[in-house]
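So the structure is just underneath, and the comments pick up after that.
Where a number appears in this text, it was derived from the coordinates with a stated rule and is not lab data. Keep in mind the model is a prediction, meaning the values are calculated, not measured. Every residue, glycine among them, receives a Cβ derived from its backbone with ideal geometry; neighbour counts consider all protein chains shown.
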Amino acid sequence: MGSSLQHGRGSGVAAALFSLMLAAVALSGSAATEGTPGRAAAGRTGGPITPLPTNIEHSARSRLGERLFHDPRLSRGGRFACSFCHQREKGGADGESFSLGLDGRPLEFNTPTIFNVGFNFRFNWRGNFRTLEDQNEAALLDPNLMGGRWDSLLAGITADPDYEKAFAGAYGDGIGREHVLDALAAYEESLVTPNARFDQYLRGEQGAITKDEEHGYQLFKSYGCISCHQGVNVGGNLFQKFGIFADPFAGRPASTEADLGRFAITGNPADRHVFRVPSLRNVAVTAPYLHDGSAGSLEDAVDIMARNQLGLTLAKPDVALIVKFLHTLTGEFRGHSLAEPAGGAAR
Ligand code: HEC
Ligand code: HEC
């Protein structure tokens, strides 16, 4: 998983690369919509966005991972489970600008969705982890997230005979750190939400999306949103600066370390305010938006994107059409749309 696409940052280079990207996307966009008859019959799967796979792998390992993900015994004092912040019934996140950490204070970053996470090329807002296992271990040991320690964590689950059986069934040997991390990752990779109406449209199904929604997709392409939000996850495969044409942090009382983006990780000045472009899959059910949860509605987020990332002030009707398109990206988990009340609930 994970492409190695990593587009340029830093103002001049970024601007030049950016126009190239726009041109390339414009080309592939037209190929996808005006392709040969054979292609039209086969749907629009050769375009800048591709459907999520429908063959999702479930295994003894992913089922074990599912149990671990929901088990508070993985945290210090049994107070948190991964699922407290990454709730399936709330689009894989928790609906808050910031979740509260173990110390009762807000975390530094908005909690991202756990759905389709396996399609991201790096993990976390700043992309500071390359594998799910590394990200998950950091979450387990972070004093303010799960606050765990491997010795007590493993002792806790080893005391449960059910776990002993489940680990033996999944791995053929005992309980250990690597198996815990592997099982969690296997579960996360199974959290795929296929069959969004937009994916049905890409597969060529008649009437899957309305004329307005299709118009919104055309605008998403023609204004250039697609140059950053594309691929199977409609994002999640690039690093980009937040604030290419305008400074979204101007006029704020104080910039936080989180606002610095990847700069706080790499120390490279070109990485100031650079973030992993987030996936827009299921975005209609994962408000609030942005790394700091500062955009409460999709309309706000689209407006902020247009101004800061594209140097455009969009008319209200255009924003509304793009938002309609974004609503078609809501998929299904275990056969139920995430848009249904409790769509991803304990199924
Ligand atoms: C108290 C809330 C909280 C808990 C508990 C929590 N997380 Fe998270 N999770 C977050 C936040 C906030 C981020 C974003 C951190 C960042 O970007 O630096 C995140 C990011 C992630 C990501 C990366 C998502 C992406 O799009 O890159 C994964 C995977 C993840 N968490 C898995 C887990 C697992 C597994 C556990 C349990 C071991 C867990 N989380 C527990 C809040 C939480
Ligand atoms: C140059 C790259 C780029 C372009 C172009 C771009 N975006 Fe983004 N988008 C980003 C980045 C980076 C973020 C994360 C910003 C942050 O860290 O807060 C983001 C965040 C978002 C979010 C919030 C997602 C979430 O889960 O919080 C939405 C919605 C969004 N973009 C939609 C759009 C739309 C619609 C357009 C076109 C009008 C667009 N973007 C153009 C890079 C881009």
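Note on N128 and S297: their simple-model spin labels are 3.4 nm apart, each label 7 Å out from Cα toward Cβ.
Among the helices of the chain, those built from whole DSSP H runs whose Cα atoms reach 27 Å or more along their own axis and whose mean Kyte-Doolittle hydropathy is at least 0.5 are 11-33. Taking the range 138-205 on its own, what percent of its Cα-Cα pair distances exceed 18 Å? Here the tail beyond 18 Å accounts for 54 percent of pairs.
Over the chain, dividing the summed -39,500 (n - 2.57) contributions of all DSSP H runs of at least 4 residues by the number of residues returns a 222 nm mean residue ellipticity of -11500 deg cm²/dmol. When the Cα atoms of the chain are aligned to their principal axes, the ranges along those axes come out at 59, 50, 35 Å in descending order. Its relative contact order, with pairs defined as Cα atoms under 8 Å and 6+ residues apart, puts the chain at 24 percent. Estimated at 0.36 nm per residue, the fully extended path between L312 and L100 surpasses their Cα-Cα distance by 72.8 nm.
Here the simple spin-label model places points 7 Å from the Cα toward Cβ, and for A246 and R79 these points are separated by 4.1 nm.
Here the contact order of the range 60-189, divided by its residue count and restricted to Cα pairs under 8 Å and six or more residues apart, works out to 34 percent. Taking packing as the residue-averaged number of other Cβ atoms within 10 angstrom, the listed peptides 48-56, 161-169 run from highest to lowest as 48-56, 161-169.
Using the Cα coordinates of the range 60-189, the gyration tensor eigenvalues translate into equivalent-ellipsoid semi-axes of 23, 17, 13 Å, sorted from longest to shortest.
Model label sites at W150 and R334, defined 7 Å from Cα along the beta-carbon direction, differ in position by 3.2 nm.
Measuring max minus min along each principal axis, the C-alpha atoms of the range 179-241 give extents of 48, 34, 14 Å (largest first). Note that the range 276-290 has calculated 3J(HN,Hα) couplings of 6, 5, x, 5, 9, 5, 6, 5, 5, 10, 10, 4, x, 10, 6 Hz, one per residue in order, obtained from phi through the Karplus relation 6.51 cos²θ - 1.76 cosθ + 1.60 (θ = phi - 60°); glycine and proline are x.
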